[in-house]
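A.B. asks: There's a structure below that I have some questions on.
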Amino acid sequence: MEQGIVALLEKTFVEGKTYEVVVTTLRDKGKGSPNAAAIGVVRRGQDLHMKVFKGSDTFENLKGLKKLGINIITIQNINVIAQAALRGWGSPEAEFEPDQYENMRGFPFLKKAAVQIDCQAEDWTEQSGKDDFGQFHTATFKPVPEAYRINDENGRPVEKGTTVVLEALVFATRWKVATGELKAFLQQRLKIYLDKAIELGGEGNLKSVDIIHEFLTKG
């Protein structure tokens with residue numbers, strides 16, 4: 001791997017920690033419109049690792065074209081992660097308008113990204129199982145960087161488990177598919193995180209709260 005890319009990965013991702021980034025893919029084997037999703041990524045050595053769920057647009061797009069963009073979104077713009085996670089969830093609605101994207105090597109990236117990393121998906125492995133939310137089918141893979149663009153030298157990704165917004169996003173998506181007592185429990189937990197986000201304030205947090213409320217009231 002090219003030394004500039006290795007240095008970028010080591011600077012951006014602390015080994016073993018999981019970060020939430022926005023992944024961009026293309027529909028119809030690269031011939032369709034862009035899709036964006038919030039996905040966790042972890043670095044082990046010089047390799048990045050990701051997991052996606054079957055049924056998601058990202059899973060299907062990567063099955064068709066093993067190519068993705070990693071968009072590093074900073075804490076100040078955490079609402080961009082919220083929008084990627086919830087807008088268009090379970091519907092054909094686009095996560096972002098076309099003018100919010102820009103191309104690098106002919107592939108779409110978010111203009112708001114502090115760092116854009118053009119990757120190929122390698123070592124694609126699928127597995128199935130069952131958890132508290134029912135049956136699942138996932139694919140794990142390594143996003144292998146081939147090129148990058150830095151828009152903000154000081155931009156760092158958001159580490160999972162460090163912000164109330166990321167926690168709220170997890171509970172919001174689980175709430176959407178849950179039923180009965182579990183749904184009621186998730187709603188209580190979600191309210192706690194949303195209240196904390198409002199208390200913390202800041203444009204990114206408050207915009208994220210609005211996006212989550214919109215998600216909860218749709219459908």
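Only the coordinates and a few stated rules stand behind these numbers; no lab work does. Given the structure is predicted, the values throughout are model-derived calculations rather than measurements. Quick reminder, even Gly has a Cβ in these numbers, built from the backbone with ideal geometry, and neighbours come from all protein chains shown.
A.B. asks: Treat every Asp and Glu Cβ in region 3-159 as -1 and every Lys and Arg Cβ as +1, leave all other atoms uncharged, and give the resulting dipole magnitude about the Cα centre to the nearest 20 debye. Walk me through the numbers before you get to the answer.
C.D. replies: Working: 20 positive and 22 negative charges, 49 e Å.
Roughly 240 debye for region 3-159.
A.B. asks: How big is the C-alpha Rg of the chain next to the rule-of-thumb value 2.2 N^0.38 Å, as a ratio? Intermediate values should be presented prior to the final figure.
C.D. replies: Working: Rg = 16.9 Å, N = 219, 2.2 N^0.38 = 17.1 Å.
In units of the 2.2 N^0.38 Å rule of thumb, it is 0.99.
A.B. asks: Points 7 angstrom from Cα along the Cβ direction at H49 and T179: gap in nanometres?
C.D. replies: The answer from the label model is 3.4 nm.
A.B. asks: Taking the highest mean first, how do the peptides 204-216, 177-189, 107-119, 145-157 order by number of other beta carbon atoms within 10 angstrom per residue? Show your work: numbers first, answer last.
C.D. replies: Numbers: 204-216: 18.9, 177-189: 12.4, 107-119: 22.2, 145-157: 15.4.
Ranking the peptides 204-216, 177-189, 107-119, 145-157 by packing returns 107-119, 204-216, 145-157, 177-189.
A.B. asks: Okay, next question. Only loop residues by DSSP count here, and only those with at most 15 other Cβ atoms within 10 Å; note down the GluC sites (Glu not before Pro) in region 1-96 that meet that. Mind showing how you got there, number by number?
C.D. replies: Values: sites: E2, E10, E15, E20, E60, E93, E95; in loops: E2, E15, E93, E95.
Here the GluC sites (Glu not before Pro) that fit, given the DSSP loop and packing criteria, are E2, E15, E93.
A.B. asks: Same structure again: FRET efficiency for V6 and Q76, Cβ-Cβ distance as r, R0 = 25 Å, nearest 0.05?
C.D. replies: 0.40
A.B. asks: At 7 Å along Cα-to-Cβ for each site, give me the label-to-label distance between K218 and E159 in nm.
C.D. replies: 3.2 nm
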